[in-house]
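One structure is given here, and the rest of the page talks about it.
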Amino acid sequence: MKYISALLISIIIFSACNNSEENQDTKPNSNDKDSTLSEVDTTLDQHTLSNYMDVRTKHLHLDIEVDFENKQITGSVTHTIENLTGADQIVFDTKGLNILNVKLNGEENTEFTMGDYDELLGTPLFVGINENTETVTIKYETTEKTEALDWLVPSQTAGKKQPFMYTQGQSIFTRSWIPLQGTPAIRITYSAKVKVPNQLLAVMSATNPVEKNESGIYEFNMPQPIPCYLIALAVGDLEFAPIDHRTGVYSEPSMLKDCAYELADMGEMVNEAEKLYGKYLWDRYDVIVLPPSFPFGGMENPRLTFATPTIIAGDRSLVALIAHELAHSWSGNLVTNSTWNDFWLNEGFTVYFERRIMEAMFGKDYTDMLALLGYQDLVRTMSEEETDMQKLKLQLNMKHPDDGMTDVAYEKGYFFLRLLEQTAGRDNFDAFLKGYFESYKFKTITTEEFKGYLETNLIKPHKLQVNIDEWMYSSGLPENCPKVVSKLFNAVEANLEQFYLTNDVNSSIFSKDWTTHEWLHFIRNLKEGTTPEQMKLLDDAFKLTQSGNSEIAAIWFEKSINFGYDNIDKELEAFLIKIGRRKFLMPLYTALAATPEGKEKAIAIYKKAKPNYHFVSYNSIDQLLGLK
Ligand code: BES
Ligand code: ZN
């Protein structure tokens with residue numbers, strides 16, 4: 001409560017209680033005429049404390065400075081608001097922020113109050129407004145408790161000379177670097193003025209500079225309305241390389257050539273995507289390749305996908321990830337899940353679209369491999385997740401949205417759409433999807449709205465029978481889940497059988513020109529009971545421990561741990577210390593933690609590695625290792 005004077009405390013307590021009650025009461029009512037409780041639950045976002053149904057931000061302007069010495073962002077945000085119900089206060093989400101002062105219409109300071117801290121949602125900020133209030137300006141600073149920001153010292157970068165900082169907003173982290181209404185249910189435009197140290201370049205999910213300037217001040221504009229989880233900023237020693245007239249890549253200088261080589265197909269990908277589902281509406285499509293601490297493979301920040309350097313394999317074999325983030329320019333960024341319970345509408349559609357782009361560019365055999373790997377992920381997830389989390393439509397209640405971000409949304413979502421494609425025929429389904437993006441562009445959507453749209457525009461006109469409710473609302477995988485057959489993987493499986501029969505790795509059974517995905521299939525399907533000796537045979541022949549391909553290395557390390565093959569220890573430790581991508585870290589720490597000695601090893605490595613991880617990753621690993 002250090003932000004407020006003692007005199008105000010009683011007013012604040014009264015006002016906070018009053019407001020949070022009012023907040024809860026008004027949400028359901030203001031939303032609908034005669035809504036039942038279940039309808040209310042499906043359409044309102046539970047992951048915000050803001051009163052976005054009453055009054056909401058239309059545009060926000062950031063005026064901030066990125067201070068590397070104090071690892072802090074300081075400055076102000078100005079919200080231009082729309083008061084839908086004549087509300088006399090606006091409530092913002094904050095988490096781990098110091099709020100310094102608040103002004104209405106740019107004039108003198110006004111009173112504000114902070115509500116109670118909630119571990120999941122943060123601290124609501126209450127500001128009284130009136131019918132003349134057009135803007136609310138909040139002066140604030142971030143603290144070390146921020147969940148969105150990753151501050152890297154020079155040694156954690158490729159260049160080793162300059163610091164680096166990036167943000168991660170999805171799902172509910174933006175409130176920890178900007179006080180705002182932290183819900184995907186409303187869309188805002190934004191602009192920003194960002195001051196950074198000389199020598200560094202700032203880029204955002206907005207119009208971007210292509211080179212540094214003397215002043216260290218950069219201005220940005222995002223004229224299309226977006227949900228706030230897509231506001232993003234990265235600052236570092238960055239350079240830009242164009243790929244074609246509307247695509248390009250940013251990275252640290254020493255990596256730029258490799259990145260541009262790896263991502264050379266990006267321009268073509270955008271063209272193929274447009275042919276499928278309509279014009280690309282965000283002007284430019286660029287990618288920034290971040291330092292290895294980035295906790296995800298990719299993040300679809302509009303105009304500027306944020307990507308892990310672990311996709312730079314040298315052979316362009318991991319670019320499906322770029323197709324995925326690009327596809328989000330339609331599913332997710334143009335048509336957005338209203339609440340995190342509807343997350344599958346973002347990711348399931350995106351996986352479907354990603355695979356259609358990959359099929360258009362690299363053919364069906366290639367894409368069948370991707371789909372079959374996805375199916376394997378799904379089967380594994382279904383066997384591990386509790387039944388409630390196996391549904392497409394989630395009821396997260398007071399769970400963190402990130403807990404719902406499993407392969408169910410991605411792969412069950414994908415297979416549902418693939419079933420619809422199969423049932424309706426590809427041409428009909430493509431026309432339907434194109435219409436869907438057109439009808440819902442720059443809008444948010446719930447599962448229920450999608451269901452209605454699907455029935456009206458695909459199911460009824462083509463007189464189809466599909467068990468939609470079972471797919472959307474039941475656990476498990478419905479019987480009619482499409483089957484994927486991959487010729488290339490069948491051949492890999494034959495090799496696998498041969499290997500167990502003969503232990504022969506030198507014969508022609510092993511194709512010397514297997515691609516990354518064939519290797520992934522082979523390693524994933526190594527049988528339980530494989531001996532360390534057999535692992536050594538494979539390793540000696542194919543140098544898997546030394547693989548420069550992060551996907552191959554990660555699954556190889558996991559299997560090696562499972563089968564007690566410990567020639568990997570040095571490389572495993574280096575991998576865990578360098579790379580902060582949660583998808584790789586979780587299975588590896590889980591495999592290690594399966595035995596008492598392994599767990600000790602895991603904790604020892606984690607001690608060294610943790611400073612290299614973003615909050616998103618270390619928070620998950622703290623939980624996994626029981627350190628929290
Ligand atoms: N939007 C997600 C990343 C994300 C999900 C961030 C949930 C925060 C919460 C992104 O589009 C994504 O799905 N990335 C995947 C790659 C993809 C090819 C499946 C990843 O990071 O691994
Ligand atoms: Zn995605």
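The values are calculated or read from the model by the stated rules, or taken from the named source; none is laboratory data. Every value quoted in this text rests on a predicted model; they were computed, and no experiment measured them. Because the Cβ atoms are built from the backbone with ideal geometry, glycine has one as well, and the counts that use them run over all protein chains shown. Note: areas computed on protein heavy atoms with side chains; ligands, DNA, RNA excluded. Shrake-Rupley method; radii C 1.70, N 1.55, O 1.52, S 1.80 Å.
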Where does the chain land at 222 nm, in deg cm²/dmol rounded to the nearest 500, when only DSSP H runs of n ≥ 4 count, each adding -39500 (n - 2.57), divided by all residues? -11500 deg cm²/dmol
Hey, what's region 514-624 come to in accessible area per residue, 1.4 Å probe, Å²? 43 Å²
I want to verify the translational diffusion coefficient of region 514-624 in µm²/s; compute it with Stokes-Einstein, Rh as the Kirkwood radius over Cα pairs, at 20 °C and 1.002 mPa s. 151 µm²/s
Once fully extended, how much extra length lies between MET398 and ASN130, figured as 0.36 nm per residue of separation less the alpha-carbon to alpha-carbon distance? 93.3 nm
Sorted by packing (mean other beta-carbon atoms within 10 Å per residue), highest first, where do 438-448, 293-303 land? 293-303, 438-448
What is the distance in Å between the Cα centroid of region 47-75 and that of region 361-438? 33 Å
Carbon and sulfur: what percent of the chain's accessible surface (1.4 Å probe)? 50 percent
Looking at the square roots a ≥ b ≥ c of the eigenvalues of the Cα gyration tensor of region 195-262, which shape do they give, rounded for a/c under 1.5, prolate if a/b is larger than b/c, or oblate? oblate
Cα coordinate range in the chain, projected on the principal axes (Å, largest first): 81, 63, 52
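Pull out a ≥ b ≥ c, the square roots of the eigenvalues of the alpha-carbon gyration tensor of region 38-112, then state rounded if a/c is under 1.5, prolate if not and a/b is larger than b/c, and oblate in the remaining case.
Cα axes put region 38-112 in the oblate bin.
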Relative contact order, percent, of region 199-345 when contacts are C-alpha pairs under 8 Å separated by at least 6 residues? 20 percent
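If you put +1 on each Lys and Arg Cβ and -1 on each Asp and Glu Cβ, how big is the dipole of the chain around its Cα centre, in Debye rounded to 20?
780 debye
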Express the accessible area of region 340-428 per residue in Å², computed with a 1.4 Å probe while the remaining protein chains stay in the model. 34 Å²
Defining a contact as two alpha carbons under 8 Å apart and six or more residues distant in sequence, what relative contact order in percent does the chain show? 10 percent
Estimated Rh, region 239-328: Kirkwood, alpha-carbon pairs, angstrom: 12.9 Å
At LYS536 and HIS245, where each label point lies 7 Å from the Cα along Cα→Cβ, what is the point-to-point distance in nanometres? 6.0 nm
Set the Förster radius R0 to 56 Å, insert the Cβ-Cβ distance between THR515 and THR85 as r into 1/(1 + (r/R0)^6), and round the FRET efficiency to 0.05. 0.45
Simple spin-label estimate for LYS527/ASN101, 7 Å along Cα→Cβ, in nm, reads 7.4 nm
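Applying a 10 Å radius around every beta-carbon, put 96-108, 494-506, 176-188 in order of their mean neighbour count, most first.
176-188, 96-108, 494-506
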Vicinal HN-Hα couplings computed from phi for region 492-504 (Karplus, 6.51 cos²θ - 1.76 cosθ + 1.60; Hz; Gly/Pro x): 4, 5, 4, 4, 4, 4, 4, 4, 5, 6, 10, 6, 9
Which FRET efficiency value, to the nearest 0.05, is calculated for THR502 and ASN562 with the Förster distance at 25 angstrom and r the Cβ-Cβ distance? 0.65
